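The values are calculated or read from the model by the stated rules, or taken from the named source; none is laboratory data. The shown structure was predicted, so the numbers you read here are calculated from the model rather than taken from an experiment. When we count neighbours, we look across all protein chains shown, and the Cβ atoms used for this are built from the backbone with ideal geometry, even at glycine. Accessible surface is based on the protein model in full, side chains and every heavy atom, while ligands, DNA and RNA are left aside. Shrake-Rupley method; radii C 1.70, N 1.55, O 1.52, S 1.80 Å.
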Amino acid sequence: MVKRISLLLLAGMTALTVAGCGGSDDASSGGDAGGPSGGKIVMGFSQVGAESGWRTANTKSVQESAKEAGVELKFSDAQQKQENQIKAIRSFIQQKVSVIAFSPVVESGWDTVLKEARTAKIPVILTDRAVDSPDTSLYKTFLGSDFVEEGKKAGQWLVDQYKDGKDPVNIVQLEGTTGSAPANDRKSGFQEIISADPKFKIVASQTGDFTRAKGKEVMDAFLKSTPKIDVLYAHNDDMALGAIEAIEGAGKVPGKDIKIISVDAVHDGMQALADGKINYIVECSPLLGPQLMDLAKKVVNGEQVPPRVVTEETTFTQDQAKQALPNRKY
């Protein structure tokens, strides 16, 4: 049965306009302040933040899909802080929403608040990122990419490029947010593939927090501390784009002097790929909104859903990027 929420929301809650950037620490209404009526599904959604072009596209997909599906969305921007997400989830529980969905900032530390949601009989859906709790009954399903497979695809492209070479290949790695599922998994998947050949050496690896500014900052440091860099592996396009600025600032040619592998395939990344500044991108689609709304309706109605729903994604070479860009949605 669809849970109903009181027409009077908790005092002090502030309405948040539906936007991809900014936000507050509190969960806030994506619909009118009066709350839902009848049997409308109300979803509390806690987003990581607006740290990248990918995340902004993901937010837009969720918001637009909720509107199209007739789901009232209560949206909260965690600004990349776990404590803000926990606060938002607890607010959603107090408001007795129908379903909670969130993209966890990090993998660990969710059991307590998810048990609170379970006690309140509010189903939870994980989107984009997983949690590492051994108790999988705390959430109904996890919708998102296979980050390990993304790392493997990146590693396999690199192995194929250097299959006939014998000289060492020095790699620097821009990792995502420390402790996050995509950072952990993209790193391990990549390492699994390249470790079969000892000529591949990761000579420096540091977090760039998935942001362009931090990617540039860390790549600047890599270039100063590491005499020879053959390859950059960036866990997302925004960090790769920041690194390109640093590489060009050092008088080197991105895509030639230093080969670049990235993950995401957002528009700016695809443009850099088409321009020859990035060599290969593994897609990670942010357009999860339609699938999320479909899953939300099913779990609210008590239907069985798969415990893991993997999004369909591809990879892009420079030529493929040129072909795909005119019709790219993000």
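Please compute the modelled spin-label separation between E116 and N327, points set 7 Å along Cα→Cβ, answer in nm with one decimal.
About 4.6 nm separates the two model spin labels.
Under 12 Å Cα to Cα from K166, which aspartates and glutamates show up? Leave out anything in the same chain fewer than 8 places away.
D197
May I ask you to evaluate 6.51 cos²θ - 1.76 cosθ + 1.60, the Karplus curve with θ = phi - 60°, for each residue of region 49-66 and list the ³J(HN,Hα) values in order in whole Hz, giving x for glycine and proline?
In residue order, the calculated couplings are x, 9, 7, 7, x, 4, 5, 4, 5, 5, 4, 4, 4, 5, 5, 5, 5, 4 Hz.
In 5 Å bins starting at 0, how do the alpha-carbon pair distances of region 189-330 split up by percent?
2, 9, 17, 18, 16, 13, 9, 7, 4, 3, 1, 0
Ignoring everything but the protein chains, give the 1.4 Å probe accessible area of F147 in square angstrom, nearest 10.
Here the accessible area works out near 10 Å².
Give me the percent of the accessible area of the chain that comes from carbon and sulfur atoms, probe 1.4 Å, all protein chains in place. Intermediate results must be reported in sequence, preceding the final value.
Numbers: 7030 of 14310 Å².
Reported share for carbon and sulfur atoms: 49 percent.
May I ask you to evaluate 6.51 cos²θ - 1.76 cosθ + 1.60, the Karplus curve with θ = phi - 60°, for each residue of region 155-171 and list the ³J(HN,Hα) values in order in whole Hz, giving x for glycine and proline?
Rounded to whole hertz, the list is x, 5, 4, 5, 4, 5, 5, 10, 4, 9, x, 10, 6, x, 10, 8, 10.
Could you tell me which of the pairs K40/K298; K297/K329; K121/K298; K96/K297 are separated by over 18 angstrom between their Cα atoms in the structure shown?
Values: K40/K298 13 Å; K297/K329 25 Å; K121/K298 15 Å; K96/K297 16 Å.
Those over the limit are K297/K329.
Heavy atoms of the protein only, probe of 1.4 Å, neighbouring chains included. What is the accessible area of W54 in Å², nearest 10?
It works out to around 10 Å².
Could you pull out every one of the aspartates and glutamates with an alpha carbon less than 15 Å from that of K228, ignoring same-chain neighbours closer than 8 positions?
D167, D220, D257
Could you rank the peptides 248-257, 69-78, 229-238 by their average count of other C-beta atoms within 10 Å per residue, with the highest value first? Don't skip to the answer; put the middle values down first.
Numbers: 248-257: 14.0, 69-78: 22.4, 229-238: 27.4.
Result, highest mean Cβ count within 10 Å first: 229-238, 69-78, 248-257.
List the lysines whose Cα sits under 20 Å from the Cα of K152, skipping any in the same chain fewer than 8 residues away.
Qualifying lysines at Cα under 20 Å: K163, K187, K199, K201, K259.
With the other protein chains left in place, how much accessible area per residue, in square angstrom, belongs to the chain at a 1.4 angstrom probe? Don't skip to the end; give the middle numbers.
Working: 14310 Å² over 330 residues.
Spelled out: the 1.4 Å probe surface of the chain, per residue, equals 43 Å².
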